[in-house]
Amino acid sequence: MTDRIRIAVVGLGKMGLSHFAMVNAHPRVEAVGCDGAGFMVDVLSRNISVPIHRDYQTMIAKERLDAVVIATPSRLHAPMVTAALEQGLHVFCEKPFCLDWQDSERLTKVATDKGLVAQVGYHYRYVGAFQEMKRIVDSGALGRITHVLAEAYGPVVLRPKRGTWRTQKSEGGGCLYDYAAHPINLLNWFFGTPSRVSGSVLTPIYSEGIDDQVTATLGWDNGPTAQLSVNWSDESHRKMTTRITMIGTNGRLFADRQECQLFLRASDLALPGYQAGWNLRYTTDLTQDVWFYLRGEEYSAQLADFITAVAERRGAAAENDFASAAQTDRTMAMVIANAETGAPVGAPPLVAKPANGPRKRGWFARGA
Amino acid sequence: MATMDRLLFGDNQFFGINHMSEEKARAQAMRFQSTQAIMDVLDVAYDEGIRTFMCTTHDRIAEVADRVRGNPTRYAAFQFYPCMPYAHKYANAVTEHGMVGALRHFMPADGLLATALAGGKALATKEVDSIAKVLIDMEMKMFVGTRTPVIFIQNVFTDLLLGMGFTRALRIFDDHIREKYGAEPAYISMNMPMLLDALEREGIERPIICSNINKIGFRMSGGFDAYLDALRSGRVRAVAMSVYASGAIPADEAIHWISELPGVESIVFGASSAGNIRGTKALVDKYMGVAA
């Protein structure tokens, strides 16, 4: 097939190898690999037929490419994405997008101006249960959402050690960028960039000079207050677990990778199929099959969307575009600034008037 | 060629793996904290005539192997189908030590391979093969003195290698399992039709592949029809997992449907209660003929 698009996967570490396998297995793609470390390049170039490059600049200058998937340490994202966009390449970048949110906003503009597909790998937006949560939030059926708890736990740093780039501040490591970025990105999806961040504490437990634990309070104008609670030194979890809980004037909503649980005080016409009381939806039921399954449908699905957008020249990402990831970078910068100075970042959120009696749409929603 | 039993007992339930609910997964992890609790369930299955335990090479399984070795009379017919490696052990090691560091971590400290990796120079093809074999042998250590007639490679590894096009590694696995262990090499995959083609290109004929096979096509990547075509072609010896599609298909209907498919030699299932174990066994006997 001659119309296959050519995508280079850059950075063949843990995430990168997995991206490489999924991209390479995609029927519409011819894959290329790139990694700076000699070991991986040697082993792969002797054992697979795909070209593997060592030098990124040379590769994007010389290979005929349509797109790149950037899965290098976070510090390298901004310069590598900049170079790719300059070459007119579509970009899928691993999260977090850029360590400096001003880079994120600049690159968002460049990609938009050039009409390039620009996407970031926040895969939780492709998990069925969180997609259902988004649908429920947008429907308004929860009433006025006032209270949110956003959590992530897992077993990454369990003892003092030398570590890899993930535990080095200069490389963009740490629990905030690696773990907390996910629940923050989900909050951005539901509510946008917070107007105020306060009470942030970035705590090292085993690491030196970098956080293993993150807590913060986020507030939105006329929106909820969210508590962020994240810890990557928790061995009780087999792997990373992310969960969001919300309380609104018409009920309570919970989601994690497996399921979405909704308690409604009263059913709502905007949300057909859900009744008063408890409702349960499983990710397994909400998920479409993928062309190639490696480690969860969400990882395959986000790349499928990217590949489709590139192949069909749609000029923009279907989900997780640079602008949305820039919101997350901005939010993380607020958490860092707040943790450093102790002073709240942003203006106190405007507070909506307390709900008095039924809300506007309530007249239609009360019957069922 | 080893004949496989019709019904194999899986181990997800013992290790806090539940595709539906983290709460259930945690409750299971708590319940199976002690090896005795695992043995109690395995004993129910064994006494029902389910003698094959298809299990991850998780550290806890070493304790199960100890129990089985320790009571050869009780477990005269008990056999393991090891599934290697326990992926999180490697994933965590890579996070902790980096790619090369993780490999060194699993090599014997005094060996030539550790030295080769420490040197940071390019590895010869022969050395890559040797490293793969050492990794396999490390995973098999816990099963010494038990029966392991079929040995699987876990789906995350199979599918990672498949996706990368590094299928030569699967050939190394295949040869080593036959030569060193006299066992049948086998593959777990979430992409069975694609894997089957790739294995054939490596010269591996009629492989044993364990994959999701269920009436509603749940997690049958590559497409339901491609699975049925592969099964009908006689090119694969299939082990069906997720036959109930995480509970979406009634048990009787699920097993009945599987029993009419050509090419499915075995079903692997996990259960924690005697009732569910006996229920599945009775259905398999009913629809697939009484077999061990």
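Kindly establish whether B:Arg74 is in contact with a Ser or Thr (Cβ under 9 Å, 6 or more places away or on another chain) and of a type in the set (D, E, K, R).
Working: in contact with a Ser or Thr (Cβ under 9 Å, 6 or more places away or on another chain): no; of a type in the set (D, E, K, R): yes.
When the stated conditions are applied, B:Arg74 does not pass them.
Looking at B:Cys55, B:Cys83 in this structure, which one is touching a Ser or Thr at 6+ places or on another chain (Cβ under 9 Å), away from chain A (no Cβ under 14 Å) and not in a loop (DSSP other than H, G, I, E, B)?
On the way: B:Cys55 fails: touching a Ser or Thr at 6+ places or on another chain (Cβ under 9 Å).
It is B:Cys83.
Could you please give the count of residues in segment A:272-304 that are surrounded by fewer than 19 Cβ atoms within 10 Å (Cβ to Cβ), at pLDDT 95 or above and in contact with a Lys or Arg (Cβ under 8 Å, 6 or more places away or on another chain)?
1
Would you say B:Lys89 is within 14 Å of another protein chain (Cβ to nearest Cβ) and under 23 Å from B:Arg219 (Cβ atoms)? Lay out the reasoning, then the answer.
Values: within 14 Å of another protein chain (Cβ to nearest Cβ): yes; under 23 Å from B:Arg219 (Cβ atoms): no.
Here the answer is no, as B:Lys89 does not meet what is asked.
Out of (1) in a helix (DSSP H, G or I); (2) touching a residue at least 40 places away in the same chain (Cβ under 8 Å); (3) away from chain A (no Cβ under 12 Å); (4) buried (at least 16 other Cβ atoms within 10 Å of the Cβ), the odd one out for B:Ala62 is which?
All conditions pass for B:Ala62, except number (4).
Within segment A:245-252, can one find any residue that is closer than 16 Å to A:Leu186 by Cβ, within 14 Å of chain B (Cβ to nearest Cβ) and in contact (Cβ under 8 Å) with a residue 60 or more places away in the chain?
yes
Hey, can you tell me all the residues within segment A:43-61 that are among the basic types (Lys, Arg) and within 10 Å of another protein chain (Cβ to nearest Cβ)?
Pass one, segment A:43-61, residues among the basic types (Lys, Arg): A:46, A:54.
The one that is among the basic types (Lys, Arg) and within 10 Å of another protein chain (Cβ to nearest Cβ): A:Arg46.
Filter segment B:4-43 down to residues that are touching a residue at least 60 places away in the same chain (Cβ under 8 Å), among the hydrophobic types (A, V, I, L, M, F, W, C) and over 13 Å from B:Ala271 (Cα atoms), then give me how many there are.
2
Among the residues of segment A:233-244, count how many are more than 10 Å from chain B (Cβ to nearest Cβ) and under 17 Å from the mean Cα position of the chain (by Cα).
3
Considering only residues that are outside any helix (DSSP H, G or I), small (Gly, Ala, Ser) and either touching a His at 6+ places or on another chain (Cβ under 6 Å) or buried (at least 18 other Cβ atoms within 10 Å of the Cβ) (or both), which ones fall in segment A:40-79?
Of segment A:40-79, the ones outside any helix (DSSP H, G or I) are A:48-55, A:63-73.
Add one more test, that the residue is small (Gly, Ala, Ser), and what stays is A:49, A:67, A:71.
A:Ala67, A:Ala71, listed by residue number.
Just one of B:Ile151, B:Ile136 is among the aliphatic types (A, V, I, L, M), away from chain A (no Cβ under 14 Å) and part of a strand (DSSP E or B); which is it?
Details: B:Ile136 fails: part of a strand (DSSP E or B).
The conditions single out B:Ile151.
Does A:Asp285 satisfy the criteria of being within 14 Å of another protein chain (Cβ to nearest Cβ), of a type in the set (Asp, Glu), without any contact (Cβ under 8 Å) to a residue 24 or more places away in the chain and not in a strand (DSSP E or B)?
Details: within 14 Å of another protein chain (Cβ to nearest Cβ): yes; of a type in the set (Asp, Glu): yes; without any contact (Cβ under 8 Å) to a residue 24 or more places away in the chain: no; not in a strand (DSSP E or B): yes.
No.
With the structure loaded, tell me whether A:Pro160 is within 27 Å of A:Leu76 (Cα to Cα) and either away from every other protein chain (no Cβ under 14 Å) or over 20 Å from the mean Cα position of the chain (by Cα) (or both) or whether it fails that test. Reasoning before the result, please.
On the way: within 27 Å of A:Leu76 (Cα to Cα): yes; either away from every other protein chain (no Cβ under 14 Å) or over 20 Å from the mean Cα position of the chain (by Cα) (or both): yes.
Spelling it out, A:Pro160 is indeed within 27 Å of A:Leu76 (Cα to Cα) and either away from every other protein chain (no Cβ under 14 Å) or over 20 Å from the mean Cα position of the chain (by Cα) (or both).
May I ask you to list pairs of residues, at least six apart or on different chains, whose Cβ atoms are under 7 Å apart, with the first in segment A:312-340 being assigned to a loop (DSSP other than H, G, I, E, B) and the second being hydroxyl-bearing (Ser, Thr, Tyr) and buried (at least 24 other Cβ atoms within 10 Å of the Cβ)?
A:Asn320/A:Tyr122
Which residues, counting only those in segment A:233-252, are among the polar types (S, T, N, Q), out of contact with any helix residue (DSSP H, G or I) (no Cβ under 9 Å at 6 or more places or on another chain) and either assigned to a strand (DSSP E or B) or under 14 Å from A:Ala180 (Cα atoms) (or both)? Show your work before the answer.
Start the filter on segment A:233-252 by keeping residues that are among the polar types (S, T, N, Q), which leaves A:233, A:236, A:241-242, A:245, A:249-250.
Among the residues that remain, those that are also out of contact with any helix residue (DSSP H, G or I) (no Cβ under 9 Å at 6 or more places or on another chain) are: A:245, A:249.
Across segment A:233-252, the qualifying residue is only A:Thr245.
Quick check on my filter: what residues within segment A:215-270 are within 30 Å of B:Lys89 (Cβ to Cβ) and of a type in the set (Asp, Glu)?
Once the filter is applied, which keeps residues that are within 30 Å of B:Lys89 (Cβ to Cβ) and of a type in the set (Asp, Glu), segment A:215-270 yields A:Asp234, A:Glu235, A:Asp256, A:Glu259.
List, please: which pairs have Cβ atoms under 7 Å, are six or more places apart or on different chains, and start with a residue in segment A:28-42 that is within 22 Å of A:Asp305 (Cβ to Cβ) and within 11 Å of chain B (Cβ to nearest Cβ) and end with one that is part of a loop (DSSP other than H, G, I, E, B) and not charged (D, E, K, R)?
Every condition considered, the pairs that remain are A:Ala31/A:Val50; A:Gly33/A:Leu12; A:Gly33/A:Val50.
Just to be sure, is B:Glu127 touching a strand residue (DSSP E or B) at 6+ places or on another chain (Cβ under 8 Å) and part of a helix (DSSP H, G or I)?
Details: touching a strand residue (DSSP E or B) at 6+ places or on another chain (Cβ under 8 Å): no; part of a helix (DSSP H, G or I): yes.
Criteria not met by B:Glu127.
Which residue out of A:Ala21, A:Ala111 is within 14 Å of chain B (Cβ to nearest Cβ) and either in contact (Cβ under 8 Å) with a residue 12 or more places away in the chain or of a type in the set (Lys, Arg) (or both)? Working first, answer last.
Working: A:Ala111 fails: within 14 Å of chain B (Cβ to nearest Cβ).
From the options A:Ala21, A:Ala111, the qualifying one is A:Ala21.
Output the residues belonging to segment B:203-225 that are away from chain A (no Cβ under 11 Å) and either surrounded by 17 or more Cβ atoms within 10 Å (Cβ to Cβ) or modelled with pLDDT under 95 (or both). I'd like the intermediate steps shown before the answer.
Taking segment B:203-225 as the starting set, the residues that turn out to be away from chain A (no Cβ under 11 Å) are B:203-210, B:213-215, B:225.
Matches in segment B:203-225: B:Ile204, B:Pro207, B:Ile208, B:Ile209, B:Cys210, B:Ile213, B:Asn214, B:Lys215.
Identify the residue in segment B:6-44 that is assigned to a loop (DSSP other than H, G, I, E, B) and charged (D, E, K, R) and, among all such residues, is nearest to B:Leu261 (Cα to Cα). Outline the logic, then answer.
Step one: list which residues in segment B:6-44 are assigned to a loop (DSSP other than H, G, I, E, B), which gives B:6, B:10-11, B:16-21, B:32-34.
Still in the running and charged (D, E, K, R): B:6, B:11.
On the way: B:Arg6: 13, B:Asp11: 25 Å.
Selected residue: B:Arg6.
Which members of segment B:254-292 meet the condition of being of a type in the set (D, E, K, R) and more than 30 Å from B:Arg26 (Cβ to Cβ)? First the steps, then the outcome.
Applying the first criterion (of a type in the set (D, E, K, R)) to segment B:254-292 yields B:260, B:265, B:278, B:281, B:285-286.
Correct list: B:Glu260, B:Glu265, B:Asp285, B:Lys286.
Somewhere in segment A:68-79, is a residue more than 10 Å from chain B (Cβ to nearest Cβ), more than 18 Å from A:Phe322 (Cβ to Cβ) and modelled with pLDDT of 95 or more?
If we filter segment A:68-79 for residues that are more than 10 Å from chain B (Cβ to nearest Cβ), which is where we start, we get A:68-79.
Subsequent filtering for residues that are more than 18 Å from A:Phe322 (Cβ to Cβ) retains A:73.
Right, trim to modelled with pLDDT of 95 or more and you get none.
No, there is no match, as no residue in segment A:68-79 is more than 10 Å from chain B (Cβ to nearest Cβ), more than 18 Å from A:Phe322 (Cβ to Cβ) and modelled with pLDDT of 95 or more.
Return yes when A:Val310 is in contact with a helix residue (DSSP H, G or I) (Cβ under 7 Å, 6 or more places away or on another chain), among the aliphatic types (A, V, I, L, M), at pLDDT 90 or above and crowded, with 18+ Cβ neighbours inside 10 Å and no when it is not.
Values: in contact with a helix residue (DSSP H, G or I) (Cβ under 7 Å, 6 or more places away or on another chain): no; among the aliphatic types (A, V, I, L, M): yes; at pLDDT 90 or above: yes; crowded, with 18+ Cβ neighbours inside 10 Å: yes.
So A:Val310 fails the test.
For segment A:1-16, name all the residues that are crowded, with 24+ Cβ neighbours inside 10 Å and either more than 10 Å from every other protein chain (Cβ to nearest Cβ) or not in a loop (DSSP other than H, G, I, E, B) (or both). Quick ask: steps written out before the conclusion?
Of the residues in segment A:1-16, the ones crowded, with 24+ Cβ neighbours inside 10 Å are A:7-12.
The answer is A:Ile7, A:Ala8, A:Val9, A:Val10, A:Gly11.
Which residue, of B:Pro185, B:Pro193, is buried (at least 21 other Cβ atoms within 10 Å of the Cβ) and under 20 Å from B:Thr56 (Cα atoms)?
Going through B:Pro185, B:Pro193 in turn, just one is buried (at least 21 other Cβ atoms within 10 Å of the Cβ) and under 20 Å from B:Thr56 (Cα atoms): B:Pro185.
The values are calculated or read from the model by the stated rules, or taken from the named source; none is laboratory data. Everything numeric here is computed off the predicted structure, so don't read it as measured data. Here the Cβ is made from the backbone with ideal geometry for all residues, glycine too, and neighbour counts use every protein chain on show.
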